[in-house]
1. Efficiency by 1/(1 + (r/R0)^6): what FRET value for residue 93 and residue 123, r their Cβ-Cβ distance, R0 = 41 Å, to the nearest 0.05?
2. For residue 129, which sequence-distant residues (separation of 5 or more, or a different chain) have an amide H within less than 5 Å of its own amide H, given hydrogens modelled in the peptide plane?
3. So who's got an amide H within less than 5 Å of the one on residue 45, skipping anything under 5 residues away but keeping other chains? H placed 1.01 Å off N, in plane.
4. When the Karplus curve 6.51 cos²θ - 1.76 cosθ + 1.60 is applied with θ = phi - 60°, which whole-Hz ³J(HN,Hα) does each residue of region 151-168 get, with x for Gly and Pro?
5. Whole-Hz ³J(HN,Hα) for each residue in region 35-48, computed from phi via Karplus 6.51 cos²θ - 1.76 cosθ + 1.60 with θ = phi - 60°, x for glycine and proline: what do you get?
6. Tell me the label-point distance for the pair residue 56, residue 19, using the 7 Å Cα-to-Cβ offset, in nm and rounded to one decimal.
7. Just to be sure I understand the model, the point goes 7 Å from the Cα along the line to the Cβ. What's the resulting residue 138 to residue 10 distance in nm?
8. If you average over every viewing direction, what projected area does the convex hull of the Cα atoms of region 128-178 give, in nm²?
Amino acid sequence: AGDTVSVTVTMSENVTVNTAGGTPSIALTIGGTPVAASYASGSGSTSLIFNYTVQAGVNDSNGISIPGNTLQLNGGTLTDAAGNDANLSHGAVTDNALYLVDTAVPTFTSSTTPDIDENIGSNQVVYTATATDAGAVSWSLVNVGDFAVLDIDPDSGAVTLTDDPDFETKDSYAFTVV
C-alpha cells in the first residue's frame, strides 16, 4: 500500500490539459476492482501521466489492466494547439503480469531451535527463517550480536555457523534476521 502506479497515455499530437473544471482520469482494474488514476503531468506534450496510489488491502495476482475507452475528462479539457478536443477513445490493455499488486504484509515465522552438535564442523544450519508471502523473500542478517560467525542463505533463510561450535567457549548465539 502507498505505492504509486503511473500510466502514460500517448496522444497523436501535443495536447493541453486544463484542470480548472476538474481533473481528467483513466480507469484501471486492480484485482477485479475499478479504480481511477488521476492526471498528474504532461500538458503540452503527447505523453500524459496519470497516477493512482495503491490502497491497503488491494491485491492483484495476475496484473493491472486498463479497460477500453475509460479516459474521462471529469470537467477538465484536453485540446490540441488549434483548440480541437482530443479523441478519448482507446483500446483495452489486458492484465499485465509485470504490474502485480501485493499489499499483504508478510508474516515472519521462525523455525524450532535445533540441537547443535559440538565440534561437528562448520556450516551447520542452526535456524531457518520463514515467512508467509506470495512473492519471493530475500533474507539477510543484521550486523549485531554474533553476526560475524554466522551466514544466511538469502533465498532459503537458512542460518549457518561459519565456525565449528565449541560449547566450552560459547554456549549460545544471538542474531537478527530481516
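Laboratory data are not the source of any read-out in this text; all were calculated from the coordinates shown. Quick caveat: nothing in here was measured; it's all calculated off a predicted structure. So basically every Cβ, Gly included, is an ideal-geometry build from the backbone, and we count neighbours across all protein chains shown.
1. Details: r = 49 Å, r/R0 = 1.19.
It comes to 0.25.
2. 158, 159
3. Here the answer is 15, since their amide H atoms fall under 5 Å of that of residue 45.
4. Coupling constants for region 151-168: 9, 9, 7, x, 8, 8, x, 6, 9, 10, 7, 8, 10, 6, x, 9, 5, 5 Hz.
5. Once rounded to whole Hz, the list reads 9, 10, 8, 8, 4, 10, 6, x, 4, x, 10, 8, 10, 9.
6. Reported label-point gap for residue 56 and residue 19 is 2.6 nm.
7. Label at residue 138, label at residue 10, 3.0 nm between them.
8. 3.6
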